[in-house]
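Quick notes on the structure that follows.
The values are calculated or read from the model by the stated rules, or taken from the named source; none is laboratory data. Everything quoted here is computed from the prediction, not taken from an experiment. A quick note on method: Cβ atoms are made from the backbone with ideal geometry, for glycine too, and the neighbour counts reach across all protein chains shown. Keep in mind that these areas ignore ligands, DNA and RNA; they rest on the heavy atoms of the full protein, side chains included. Shrake-Rupley method; radii C 1.70, N 1.55, O 1.52, S 1.80 Å.
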Amino acid sequence: MSETVLVTGGAGYIGSHTCKALARAGFTPVTYDNLVSGHRWAVRWGPLETGDILDSLRLSAVMKAYRPVAVIHFAAFAYVGESITEPAKYYRNNVAGSQVLLDVMRAHDVNQIVFSSSCATYGIPDRLPITEDTPQSPINPYGATKLMVERMLADYGAAYGLRSVALRYFNAAGADPDGDTGEDHDPETHLLPLVLETAAGLRPDFTIFGDDYATPDGTCIRDYVHVSDLAQAHVLALQLLGRGGDSARFNLGNGAGYSVAQIIETARRITGREIKVKHGPRRPGDPASLVADASKARADLGWQPKFPAIDDIVGSSWDWLLRHRQSGK
């Protein structure tokens, strides 16, 4: 009988890809999601239990019913701009909700968790590439909430024996190569789907926010990592904890940075479509460059990205967009 893993936010973008990877690895993923931003159609590899992470009674009932060996925690609000204008929403859900989850885990003797953290915890780094030892100094409430949960995990570990892996990933992108799941946010704020929706004629143009950064072409540079590679890292982190491994923190990225302008040019080449561009002012909370050093994840987790090429990332997103439009999901 396969081991059960509770996946909060498993109906979302990265969560659904991770549920597929868990099932392939022999686990039974139980998705716990309030479906505010997740999708019922994305839950295909295990049962769906609807509920909010702030609802301790509902969480407790699900824990009791399934008796998971571990939790993978994705459930969070994740719009940087919104976190600046509505910080209360982010602290309540991302921080208070995570504490509710950890306390329910304690009550049910579940002492292993893999946490979806973010490179947003680093803020504006003093050097590149970013290692796990780079000072964490977030510049927006979203990043601050992720850092607070990391601190909570460390403190719960010291006091209660909780073992955790926090995965600080850089820009998640791409879609499942089999076309089973992909990116579908409302509103959509991520760069690559916005660029591709413009290529598909679903948007009149794409706005570049800031073209005067200290980068070669003036636009922001980010480290794009394929979502299926991120999903596999969560499975490896879970297996590390299952072997009795110590708590750990890992960056997840490809170690290569691409500017906004380079992503647009790549999308034009892969889609064969024109992409009309407008220029807007910088957005608050946007560092000029974020590039990961993920050598620790490669060494300690055995993580080896299968889709590091930017063409594979953009191409899988384009295939998903075309298929997704036809399916009418």
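For this structure, a couple of remarks:
- When the range 129-155 is limited to residues that are more than 24 Å from Ile84 (Cβ to Cβ) and hydrophobic (A, V, I, L, M, F, W, C), the one that is surrounded by the most Cβ atoms within 10 Å (Cβ to Cβ) turns out to be Leu153.
- Those residues of the range 210-234 which are of a type in the set (Gly, Ala, Ser) and buried (at least 16 other Cβ atoms within 10 Å of the Cβ), in sequence order: Gly210, Gly218, Ser228, Ala231, Ala233
Residues are listed down the side, and each one gets a yes or a no for (1) open to solvent by 20 Å² or more (accessible area, probe 1.4 Å); (2) free of Cβ contacts under 8 Å to residues at least 12 places away in the same chain; (3) out of contact with any Lys or Arg (no Cβ under 7 Å at 6 or more places or on another chain); (4) assigned to a strand (DSSP E or B):
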position	(1), (2), (3), (4)
Leu236	yes, no, yes, no
Phe250	no, no, no, yes
Ala256	yes, no, yes, no
Ile263	no, no, yes, no
Ala267	no, no, yes, no
Ile270	yes, no, yes, no
Pro284	yes, no, yes, no
Asp311	yes, no, yes, no
Gly315	no, no, yes, no
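- From the list Ala75, Ala21, Ala96, the lone residue that is open to solvent by less than 50 Å² (accessible area, probe 1.4 Å) and part of a loop (DSSP other than H, G, I, E, B) is Ala75.
- Applying the set (1) open to solvent by 40 Å² or more (accessible area, probe 1.4 Å); (2) at pLDDT 95 or above to Cys119 leaves exactly one unmet item: (1).
- Qualifying positions in the range 34-45 - free of Cβ contacts under 8 Å to residues at least 40 places away in the same chain and either within 27 Å of Arg163 (Cβ to Cβ) or open to solvent by less than 40 Å² (accessible area, probe 1.4 Å) (or both): Gly38, Val43, Trp45
Residue by residue, here is whether (1) more than 17 Å from Leu301 (Cα to Cα); (2) aliphatic (A, V, I, L, M); (3) under 20 Å from the mean Cα position of the chain (by Cα) holds:
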residue: Val195; (1), (2), (3): yes, yes, yes
residue: Thr198; (1), (2), (3): yes, no, no
residue: Leu202; (1), (2), (3): yes, yes, no
residue: Asp217; (1), (2), (3): yes, no, no
residue: Leu230; (1), (2), (3): no, yes, yes
residue: Gln239; (1), (2), (3): no, no, yes
residue: Ser247; (1), (2), (3): no, no, yes
residue: Gly253; (1), (2), (3): no, no, yes
residue: Ala256; (1), (2), (3): yes, yes, yes
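- Conditions (1) in a helix (DSSP H, G or I); (2) open to solvent by 50 Å² or more (accessible area, probe 1.4 Å); number of the one not met by Ser60: (2)
- The range 135-180 - residue that is part of a helix (DSSP H, G or I) and acidic (Asp, Glu) and, of those, nearest to Lys296 (Cα to Cα): Glu150
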